[in-house]
Amino acid sequence: MVPFMSGTTPPPRTEALETRDCWELLRENPMGRLAVWSVDHPEIFPLTYVTEGETVLFRTGPGKKLDAALGSAPVAFEIDGVNAGTNMAWSVMVQGRADAMPPPLESSSSRAHRLISWQPGTKDHFVRITPEVVTGRRFTVVPAHGWEISLDDATRSGLD
């Protein structure tokens, strides 16, 4: 372990979140990012979602996002946030398979009724992500002054 020099900020503390804590955070947030493999490269799409049991539901229109999500490759879904009052940030990732699901019936108890797109357009495809892995972490945010470095503190190279 490397000792800290006087006047330096200790490294941020990171803790792994329990699965139940990950699901609590997933239930509390309306927006995340879907990572998919599209033909020969990864793509990331922001989207609104809801949870149902221990699955993630979203709706979308036809196109690249839907095609890639329902393809043969697994998907990843990620959310994150920060609590400015406690200086703590967190991140949750769900990795698994995405499958098409039928649109919910009006009389259905499915939470899919709560899926409202922030973008205009027809979003008549419903998708369920069934996780194989759910992970999360919480960590202390480094104070803003720790993000900057002056040229006096920078490592010099070349012809000095």
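The values are calculated or read from the model by the stated rules, or taken from the named source; none is laboratory data. This is a predicted model, so every value here is computed, not measured. All accessible areas refer to the heavy atoms of the entire protein, side chains included, with ligands and DNA or RNA removed. Shrake-Rupley method; radii C 1.70, N 1.55, O 1.52, S 1.80 Å.
Tabulated values for the structure
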quantity: Portion, in percent, of the accessible area of segment 41-97 that falls on carbon or sulfur, probe 1.4 Å; calculated: 56
quantity: Length released on extending from T135 to E43, taking residue separation times 0.36 nm less the Cα-Cα span; calculated: 31.1 nm
quantity: Prolate/oblate/rounded label for segment 36-75 (Cα gyration tensor, a/c 1.5); calculated: prolate
quantity: Cα shape, segment 38-103, gyration tensor, a/c 1.5 rule; calculated: prolate
quantity: Gyration tensor over alpha-carbon atoms, segment 9-70, equivalent ellipsoid semi-axes in Å; calculated: 27, 18, 10
